[in-house]
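One structure is given here, and the rest of the page talks about it.
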Amino acid sequence: MSHLDMLEAEAIHIMREVAAEFTRPVMLYSVGKDSSVMLHLARKAFYPAPPPFPLLHVDTTWKFQAMYEFRDRVAAEAGMELLVHINQEGVEQGVGPFSHGSRVHTDIMKTQGLKQALNKYGFDAAFGGARRDEERSRAKERVFSFRDRNHAWDPKNQRPELWNLYNGRVHKGESIRVFPLSNWTELDIWQYIYQEDIPMVPLYFAAERPVIERDGMLLMVDDNERMPFAPGERPQPRMVRFRTLGCWPLTGAVESTATTLLEVIEETIQVKNSERQGRAIDQDAGASMEEKKRQGYF
Amino acid sequence: MSIETLLKEHAEKDLLRFITCGSVDDGKSTLIGRLLFDSRQVYEDQLSAVERDSRKWGTQGDAADLALLVDGLQSEREQGITIDVAYRYFSTPTRKFIIADTPGHEQYTRNMATGASTADAAVILVDARKGLQTQTRRHSFIVSSLGIEQVIVAVNKMDLVDYDQARFEEIARDYQRFADKLDFKAIHCLPVVALNGDNVLEPSPNMAWFDGHPLLSLLESLPSRQADADGEFRFPIQYVNRHSSEFRGFAGTVAGGQIKTGERVMVMPSGRQSAVASIVTFNGERAQARCGEAVTLTLTDEIDISRGDMLVRPEQRPRVAEALDARVVWMADQPLLPGRQYDVKLGTRTVAATPELIHHRIDVNTLEHRHVDELTLNEIALVRWRLSASAAFDSYRHNAATGAFVIIDRISNLTVGAGMVVRPVTDSLADKSQNVVWHEHRIAKTQRAGQKSQRPAVLWFTGLSGAGKSSVANALELALFQRGYHSYLLDGDNVRHGLNRDLGFTDEDRVENIRRIGEVARLMADAGLVVLSAFISPFRADRAMVRELMESGEFVEIHVQASLETCESRDPKGLYARARAGAIRNFTGIDSPYEAPEKPEVVLDTESLSIEECVDELLDYLKSRRILV
Ligand SMILES: Nc1nc2c(ncn2[C@@H]2O[C@H](COP(=O)(O)OP(=O)(O)OP(=O)(O)O)[C@@H](O)[C@H]2O)c(=O)[nH]1
Ligand SMILES: [Mg+2]
């Protein structure tokens, strides 16, 4: 078996364990490339049946328009139920990335929104597409990552996890986050997308897009109405693409001419900065990802 | 090179998983940081984060502390130690690596075991100033118990001992001596300076006296543990897929061997039979499924199968029992207490289980067996478990995927231990080896053996009748005697006529026969002797049990090999002829199976070697293991 075959088999094994051992699993779906790979693997794991759990999208209401369209289409194709959750309290308080900054916006609309959704439906396991090579605290996380009643991760007290024998035992109210792509690298993901011909949101490919430059970050203006332009600021058309997807005001674009999958992969291989650099949230503080995860962030 | 060629090359690279382990502060994380940094696998933003942190937490003044690349948790940076295993990924033009950097601190041994359980190889670090520590030995023993056979001993911080060759060689020798008792296939010792990169990617100009390969080239050349597609077919049922009223598929990962459509299979433990109707995957039906692949099977008959059952070939059955003996690593603050109930997750089957007794604890420093009433955090022992329902499994040595289990506390839900099956326990056996009150001798075994200039050992000859076990064993014993060593040969003549006169040749009696011989061999080894035993001993599980009775490194399994045809034509006692004629029943090779050893210490092919050559080979082996001094 090639290493990609091994990674695929491992992910499928993990998903089946979850389907067999939990009462109410769910798959977090964020529309990005990792989610797409995860969903594809789930379809393989349970073929010919559709995956025996719903998809959950925690919608911050600030995603790229192209992401919403893609999401609805893909869920329908997989024959899966799609649950969309929006933190209504956040909406009522008018929380957004421009008015409240990335930290508050992400916390209220994403982290709190996720917790609300998990509590509301009583999910005891939630799949996420995170990989250990993304960031150094993720590199420490188990495949089955235990969360207490407050959805908090305790990195100093993780359950031992030997071989492929995962412990999914939880008391009521506790849950497990499951990461079937733990051992995949970014290159593995791209390679698999290429090999399996998995459809991707067009935002990953370079195109001319309306862009402004702020604090060294290239922002694509996805919604003119909600964009608070500074005086004199005007979007310029530039050839850009995204290496990761999130809320459009918080996700930096990179200049690129890569319009095909192979070109995107080629760029990825040559790149010198890790992909999460494009996300504003990670640079707020030294250990910010770990901090977020302790509080229930995926 | 075009991107497509590059992808193709990347796709075809093989994978090596390895860990770093060893005592606290020996430089494991620094070494991995250095490996990643020097091979340019660190992104600029990650490096600047490390530089920022180094000023705050680093141990290297203003220079970047590369350990911080892997010590990814806040508390790890604050305390300057590794708490949990970090997984890192990197590749060279020839290979992909998954690294697990594990913590050295004793408190976090369970996290080290987590990282080691999936590794192909281990890099064990030793601080050149300190030499071997208890943790070095504990980690080595865990690594060996988990079945890792490839080990690199990196003697680190050579800068702090003036790159002294003699010091390196002394540590390498110490390690070699300790590891003689473990099951490693290859041990590569290498002096390094993790901090500066000496002998990490490039040979070190400071240690021109060292002529071995640097770490990375060594890692590129180690064999990885390949999925065993030649072994016996094992398919633990993970999930029953009931897509529609017509479709009932059994989903799982092939845990051993391979299967084709049309082949007959048996469901364990129920014993019902059927045949594979189809192998279903998203990419279409397949004719065959091999070890490691995650597939869905359908069968030709409607039989009752659920998660936790196992599909096998009818002629290659695993063990089915309600009790088993296993080596256990205990991982909880609360001790393991015989009599308490736990849950055991063995493959895809979870059953309630009670530890009935602790045969012995293994001292990680000396590898000696100690008799204990409870098992505390980080201790390792041989434990008998009684399961609430029968389960199918193999010994861990035979197949790790069907012989490993985790132990879960039923109240806290925590994973409190890990187990490796040594053998199943049948009822007759269960009664005989329980609750023995052990008498501690005043004179230690090592003292007895030391007086004889030898290390106690049991040389276990196994093979078909007529393969040459007795001839070789007798010749070896003579050679030992002539050289002044103290030995004793157990064979059919002196055992079957006395101690085991009451036993016949049914499977059950054969098991008991070997059990008694094993116990006698143990007593004799305890007396400091080199014990030779020459019995067919056809069952793998029985030999595994004798191995486990002995302290690590004492059991030497010698497969005396000759084909059935050759043995039959030799037929020194006319037994084959009588068995063929039906005059003897249950004769190994004719109407009773012989399970060849999977990993014998020595294989002697008596079709091509003379008896003298066999003896020479054995003497060399015993010297290399320092059983003979
Ligand atoms: N002089 C010298 N110091 C070293 C070398 N390698 C590591 N160190 C220092 O040894 C200390 C411990 O290094 P770590 O890499 O954190 O050790 P570790 O083995 O990962 O420790 P734990 O994971 O906590 O068990 C740090 O201060 C390192 O800078 C070396 O080759 N030479
Ligand atoms: Mg460390």
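Determine, at each q value in 0.13, 0.21 (inverse angstroms), the log₁₀ of I(q)/I(0) that the Debye formula gives when each Cα of the range B:319-430 is one equal point scatterer.
Treating every Cα as an identical point scatterer, log10 I(q)/I(0) equals -0.42, -1.15.
Taking the alpha-carbon distance from B:K573 and a cut-off under 23 Å, which lysines remain once sequence neighbours fewer than 8 residues away in the same chain are dropped?
Once the sequence-local lysines are set aside, what remains near B:K573 is B:K469.
Under 8 Å for C-alpha pairs, at least 6 residues apart: give me the relative contact order for chain B, rounded to a whole percent.
Across chain B, relative contact order equals 9 percent.
Could you work out the Rg to Rh ratio of the protein assembly as shown, with Rh taken as the Kirkwood radius (inverse of the mean 1/r over all Cα pairs)?
Ratio of gyration radius to Kirkwood radius: 1.00.
For the pair B:V603/B:V24, report the inter-label distance in nm, with labels modelled 7 Å from Cα in the Cβ direction.
For the pair B:V603/B:V24, the computed spacing is 4.5 nm.
Among the listed pairs A:K292/B:K157; A:K44/A:K140; A:K33/B:K96; A:K44/B:K13; B:K28/B:K181; A:K63/A:K156, which have their C-alpha atoms separated by more than 31 angstrom in this model?
On the way: A:K292/B:K157 37 Å; A:K44/A:K140 28 Å; A:K33/B:K96 22 Å; A:K44/B:K13 24 Å; B:K28/B:K181 24 Å; A:K63/A:K156 34 Å.
Violating the 31 Å limit, Cα to Cα: A:K292/B:K157; A:K63/A:K156.
Could you pull out every one of the aspartates and glutamates with an alpha carbon less than 13 Å from that of A:K172, ignoring same-chain neighbours closer than 8 positions?
Partners within reach: A:D124, A:D148.
With a 1.4 Å probe and all protein chains left in place, how much of the accessible area of the protein assembly as shown comes from carbon and sulfur atoms, in whole percent?
Working: 17100 of 36140 Å².
Carbon with sulfur: 47 percent of the solvent-accessible area.
Chymotrypsin sites (Phe, Trp or Tyr not before Pro) within the range B:238-279: which are DSSP loop residues with at most 14 other Cβ atoms inside 10 Å?
Numbers: sites: B:Y239, B:F247, B:F250; in loops: B:F247.
Taking the range B:238-279 and a limit of 14 other Cβ atoms within 10 Å, the loop chymotrypsin sites (Phe, Trp or Tyr not before Pro) found are B:F247.
To the nearest 500 deg cm²/dmol, what mean residue ellipticity at 222 nm is calculated for chain A from DSSP H runs of n ≥ 4 alone, each contributing -39,500 (n - 2.57), summed and divided by the residues?
Computed mean residue ellipticity for chain A: -10000 deg cm²/dmol.
Contact order normalised by length for the range A:39-103, with contacts defined as Cα pairs under 8 Å and 6 or more residues apart; what percent is it?
36 percent
Just in the range B:168-269: which GluC sites (Glu not before Pro) are loop by DSSP and have at most 14 other Cβ atoms within 10 Å?
B:E246, B:E263
Per DSSP H run of n ≥ 4, the term is -39500 (n - 2.57); total these for chain B, divide by its residue number, and report the mean residue ellipticity at 222 nm rounded to 500 deg cm²/dmol.
Dividing the helical sum by the residues of chain B leaves -8000 deg cm²/dmol.
If I stretch the segment between B:D493 and B:R625 completely, what's the gain in nm (0.36 nm per residue apart, minus their alpha carbon distance), one decimal?
44.6 nm
What spacing in nm lies between the two simple spin-label points modelled at A:D154 and B:E374, each 7 Å away from Cα in the Cβ direction?
Roughly 2.1 nm, to one decimal.
With a 10 Å radius around each residue's Cβ, average the other Cβ atoms per peptide and rank A:83-92, B:294-303, A:101-110, B:342-351, highest first.
B:342-351, A:101-110, B:294-303, A:83-92
Enumerate the lysines that B:K452 could reach by cross-link, defined here as Cα to Cα under 16 Å, with residues fewer than 8 away along the same chain left out.
Within the straight-line limit of under 16 Å, B:K452 reaches these lysines: B:K623.
Find the sum over both chains of the accessible area lost when A and B are paired, probe 1.4 Å, and report it in Å² to the nearest 100.
6400 Å²
Can you pull the three principal axis extents for the Cα set of the range B:447-624, in Å, largest first?
Rounded to whole Å, the extents work out to 51, 35, 28 Å.
Can you check how the C-alpha radius of gyration of chain B compares to 2.2 N^0.38 Å, as a plain ratio?
1.03
Hey, got the average number of other protein chain Cβ atoms within 10 angstrom for residues in A:145-158?
Values: counts 0, 3, 0, 0, 0, 0, 0, 0, 0, 0, 7, 7, 3, 7.
Mean number of neighbouring Cβ atoms from other chains: 2.
The values are calculated or read from the model by the stated rules, or taken from the named source; none is laboratory data. Owing to the predicted nature of the structure, the values given are computational and were not obtained by experimental measurement. Note: ideal-geometry Cβ built from the backbone for every residue, glycine included; neighbour counts use all protein chains shown. The area values use the complete protein model at the heavy-atom level, side chains included, leaving out ligands, DNA and RNA. Shrake-Rupley method; radii C 1.70, N 1.55, O 1.52, S 1.80 Å.
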